[in-house]
Amino acid sequence: MSILVDKNTRVICQGFTGKQGTFHSEQALAYGTKLVGGVTPGRGGEQHLGLPVFDTAKEAVARTGATVSMIYVPAPFAADAILEAADAGVELIVCITEGIPVNDMVRVKTTLASYKTRLIGPNCPGIITPGECKIGIMPGFIHQNGRVGIVSRSGTLTYEAVFQTTNIGLGQSTCVGIGGDPVRGMNFIDVLELFETDPQTEGIVMVGEIGGSDEEAAAAYIHENVSKPVVAYIAGVAAPPGKRMGHAGAIVAGGKGTAAAKFAALEAAGITTVRSPAEMGLAMAKRLKGPRAVAMTGAASNRAAASRRAGASKRAPKKAAKTAAKRAVKPGAAKAVKKIVRKAVKAVKKPVKALGRRSPRRPK
């Protein structure tokens with residue numbers, strides 16, 4: 001099971017025929033995502049990457065049955081593309097575009113409140129369910145199906161958390177990059193709620209950043225509502241106040257939004273925190289009690305079981321031989337051993353007695 005997207009999810013791409021839309025659509029198709037078409041106004045009726053192009057999102061949804069849209073529309077037009085997708089009845093919108101004006105996103109956020117549509121982003125790496133569906137710019141090859149849910153404001157650190165959990169044998173259930181803009185769609189709490197109810201997700205890695213108060217709110221929510229182990233890291237520990245660090249939302253202002261304050265809130269809520277991104281995977285493995293104890297199914301499980309049986313069968317004769325050698329005592333050997341021990345004890349006692357005698361008194 002996964003959250004939000006799986007192998008059956010039907011996806012369209014807005015900005016389909018553009019440079020970024022084309023490249024990442026090709027990557028999604030190669031990964032196995034069920035991409036069913038795209039939208040580029042004025043090019044309706046054409047074919048691109050072997051898929052139909054539509055003039056509007058409403059037409060694309062009606063003709064393909066898509067429930068998700070990924071957006072690679074340039075920043076000046078991205079807000080309208082989000083609202084167009086919502087109006088078309090799309091259930092999930094993943095907006096990769098960065099640089100959307102904050103005023104545009106305020107308008108989008110207010111309008112989306114009247115829809116049932118979920119929005120991930122903007123300025124986000126997207127969402128991926130390992131082996132099933134990839135929407136966005138995440139590199140698919142580092143992902144492995146498993147039991148850790150990852151939610152992050154930072155794109156690069158999302159990949160780092162994925163890489164570590166893959167290498168340590170835990171894998172991921174779903175990875176969600178929520179983006180780093182100050183006004184965006186889904187936040188930590190929205191994703192944590194889904195991970196808590198997902199039976200495949202056994203642990204959660206949360207990567208936050210300086211700026212805003214999302215991490216503090218997430219800490220309070222985890223303390224009250226999340227039963228699964230959570231490991232958290234906050235990026236931007238060394239960021240000077242008032243400086244924007246990469247993301248538009250990663251800015252410490254008015255003494256609020258510092259990494260120290262966020263770490264303090266997380267730790268007060270009983271959440272495991274790490275002070276280096278290199279420790280996320282190991283910390284999660286410790287919380288789940290077994291870095292290699294990832295559940296395997298099918299052929300992988302059968303191979304592992306066969307390997308264990310083969311190793312046990314090879315070790316068994318050697319172990320039995322050693323045990324037999326220990327138990328095999330020749331006649332008279334026990335008496336000889338006792339004799340040697342008695343002699344050794346006598347040899348030790350003699351110098352001990354000599355040391356215990358009083359030395360002669362010296363003349364005055």
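The values are calculated or read from the model by the stated rules, or taken from the named source; none is laboratory data. Predicted, not measured: the structure shown is a model, and the values here were computed from it. Heads up, the Cβs are rebuilt from the backbone with ideal geometry, glycines too, and the neighbour counts pull from every protein chain shown. The area values use the complete protein model at the heavy-atom level, side chains included, leaving out ligands, DNA and RNA. Shrake-Rupley method; radii C 1.70, N 1.55, O 1.52, S 1.80 Å.
Mind ordering 80-89, 11-20 by average Cβ neighbours within 10 Å, highest first?
Values: 80-89: 21.3, 11-20: 22.9.
Descending mean neighbour count gives 11-20, 80-89.
In the structure shown, do any of Lys262/Lys286; Lys19/Lys262; Lys109/Lys134; Lys34/Lys58; Lys109/Lys228 have a Cα-Cα gap over 28 Å, and if so which? Don't skip to the end; give the middle numbers.
Values: Lys262/Lys286 22 Å; Lys19/Lys262 38 Å; Lys109/Lys134 25 Å; Lys34/Lys58 18 Å; Lys109/Lys228 30 Å.
Going by Cα-Cα distance, Lys19/Lys262; Lys109/Lys228 fall outside the 28 Å limit.
Would you mind telling me the share, in percent, of accessible area of the stretch 49-183 contributed by carbon and sulfur at probe 1.4 angstrom? Working shown, then result.
Working: 2600 of 4690 Å².
Taking all protein chains in place, the stretch 49-183 shows 55 percent carbon and sulfur surface.
What does the highest-first list of 212-224, 153-165, 28-40 look like by mean Cβ count within 10 Å? Walk me through the numbers on the way to the answer.
Working: 212-224: 18.8, 153-165: 22.8, 28-40: 21.2.
Ranking the peptides 212-224, 153-165, 28-40 by packing returns 153-165, 28-40, 212-224.
Using the basic label-point model (7 angstrom from Cα toward the beta carbon), what is the Ala75 to Lys286 distance in nanometres?
It is 4.1 nm.
Below 8 Å between Cα atoms, with a sequence gap of 6+, how large is the relative contact order for the stretch 21-146 in percent? If you can, show how the numbers build up before the last one.
On the way: 217 pairs, mean separation 28.4, N = 126.
In percent, rounded to a whole number, it is 23.
Taking the Cα centre of the stretch 1-127 as the origin and placing charges on Cβ (Lys, Arg +1; Asp, Glu -1), which of Pro76, Val53, Val11 is farthest toward the positive end of the dipole?
My answer, from the dipole projection, is Val11.
In nm, give the distance between the simple-model label positions of Thr197 and Lys58, each being 7 Å from the Cα along the Cα-to-Cβ direction.
Result for the modelled spin labels: 3.1 nm.
Run the simple label-point estimate for His223 and Asn8 please: 7 Å along Cα→C-beta, distance reported in nm.
Distance between label points: 4.0 nm.
Which of the peptides 52-64, 198-210 is most tightly packed, and how do the rest follow, going by the mean number of other Cβ atoms within 10 Å of each residue?
Working: 52-64: 19.1, 198-210: 23.4.
Peptide ranking by packing, descending: 198-210, 52-64.
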